[in-house]
Amino acid sequence: MTDTAAPAAPASQSGPAPAWQPLAGVRVVDFSALLPGPLAGAILADLGAEVIKVEPLAGEGVRHREVLAPILHAANRSKTSLAIDLKRDGAAKVVEQLARWGDIALESFRPGVAARLGIDHASLSAVNPQIISCSVSGYGQNGPWRDAPGHDLNFLAAGGAFAFSGHWTGRPRRSGLPVADLLGAGNATIAILAALNECRSTGRGMMLDVALMDAVLFGVSMRHGLDGDGGTGDSPYPTNDLFATADGREIALGVGTEEHLWQRFRTVMEADMPMILEGRFDTDAGRRAHGDALFAALSETFLRRDAADWMARFEAAGVPANLCLFPAEAVVSDHVRARGFVRDVAGHHLSAFPASADGRQPQIRAPAPEAGAGTREILATLGFAPAAVEALLRDAVVADSQTGGAKP
């Protein structure tokens, strides 16, 4: 695979970090679509796995919805693409060879669909008993809700995440990030790596069932517990929130229980907001008890100065505060450049899986492929003779980027 992904900036003065590819030699067949499954596949690819993206003849859905284009580029980098109609006669023999080739199979269909397409664990393991199948779905493979439709918002609601607003005042609101999808992708990746380790000792594959709602519930349990029943709230500090400034920007203020940070913040604010010195705000309990008044006064005071003015004051005093950046601002910051995980890949800023090992980093080896761009090469690797490949193309069982694939 051609290395077309150059670092946006050197990780250090000595150049880009050496590659960390601990999964080199691991083979992944990625039948999944949208974000959770493909993201798990992308993480595995960053860590060195060879990943074949299996998608419909015209390409998966994110190729045809402009608002989802960032998912295409981010979650499908370093993969090759096989475009195939799994419902056509002739597709089964391609799937059989994919099962022989792969160590891992990912799918994200609603329960029952994979079996109808012949890509469920029972079908794949009949060919390759060592294959690890990972199903990523909304509500899992069993239970009364297993067949219910849903998206990120629904799984967050079902898992209890919307009991918590995230702000001192106001009703719960959804995040701009698809939290359930991201948590689910992480859970799927961890489960796959654990299964790989187990398979090395047992020689047997297995079927992994990862539900996005379960991932949300797991996350809620870590921060809030699972016993809240109404009126829970979740913002413990009126000084730990977002505040708008005079120039329309917002500052994230991270002042919590640490008394020394509160005193630093108090010193910065006292000239513009004398009430902050009142005795009712001397203790953590007092600040919480009078949180509505404190939050309202802070919100009004922040509007008196531009963000740069506030940030200069906070940085000088050592107050934990950050300007809320746009992504395009974040990627050019000196800190992000120094970390070295963000790369310019075919004109798109992408983040490699952000973990380093002894100074080595995961690598983005290539941009997202065109749909079907690897069809001929993949089929040849799977053992199909040139005449058989042409027959599959002619019968519209598969497509390449010239005959039927969609461009990224």
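The values are calculated or read from the model by the stated rules, or taken from the named source; none is laboratory data. A quick note: this is a predicted structure, and the numbers were derived from the prediction, not measured. FYI the Cβ positions are ideal-geometry reconstructions off the backbone, even for glycines, and counts take in every protein chain you see.
Restricting ALA357, ALA396, ALA388 to those that are of a type in the set (A, V, I, L, M, F, W, C), in contact with a helix residue (DSSP H, G or I) (Cβ under 8 Å, 6 or more places away or on another chain) and surrounded by fewer than 19 Cβ atoms within 10 Å (Cβ to Cβ) reduces the list to ALA388. Across segment 58-94, what is the total count of residues that are over 20 Å from PHE384 (Cα atoms) and part of a helix (DSSP H, G or I)? Qualifying residue count, segment 58-94: 14. Would you mind finding the one in ASP229, ASP247 that is more than 28 Å from the chain's Cα centre (by Cα) and more than 30 Å from ALA297 (Cα to Cα)? Criteria check complete, one pass: ASP229. The numbered conditions (1) farther than 15 Å from ILE84 by Cα; (2) exposed (fewer than 15 other Cβ atoms within 10 Å of the Cβ); (3) of a type in the set (Asp, Glu) are all true for ASP344 except (2). Applying the set (1) closer than 30 Å to ARG264 by Cβ; (2) aromatic (Phe, Trp, Tyr); (3) within 23 Å of the chain's Cα centre (by Cα) to PHE314 leaves exactly one unmet item: (3).
Name the one entry in ARG287, ARG280, ARG305 that is within 16 Å of LEU323 (Cα to Cα) and in contact with a Lys or Arg (Cβ under 9 Å, 6 or more places away or on another chain). Within the list ARG287, ARG280, ARG305, the selection yields ARG305.
So that you can scan it fast, the table gives a plain yes or no per residue for (1) assigned to a helix (DSSP H, G or I); (2) hydrophobic (A, V, I, L, M, F, W, C); (3) without any contact (Cβ under 8 Å) to a residue 60 or more places away in the chain:
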{"residue": "GLN363", "(1), (2), (3)": "no, no, no"}
{"residue": "ALA366", "(1), (2), (3)": "no, yes, no"}
{"residue": "ALA373", "(1), (2), (3)": "no, yes, no"}
{"residue": "ILE378", "(1), (2), (3)": "yes, yes, no"}
{"residue": "GLY383", "(1), (2), (3)": "no, no, no"}
{"residue": "ALA388", "(1), (2), (3)": "yes, yes, yes"}
{"residue": "LEU392", "(1), (2), (3)": "yes, yes, no"}
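Against the test of being part of a loop (DSSP other than H, G, I, E, B), surrounded by fewer than 22 Cβ atoms within 10 Å (Cβ to Cβ) and in the same structural domain as ASN76 (by TED's automatic domain parsing), the options GLY219, GLY170, GLY186 yield a single qualifying residue, GLY170. Is segment 273-281 home to any residue that is without any contact (Cβ under 8 Å) to a residue 12 or more places away in the chain, within 17 Å of GLY166 (Cα to Cα) and not charged (D, E, K, R)? Taking every residue of segment 273-281 in turn, none turns out to be without any contact (Cβ under 8 Å) to a residue 12 or more places away in the chain, within 17 Å of GLY166 (Cα to Cα) and not charged (D, E, K, R).
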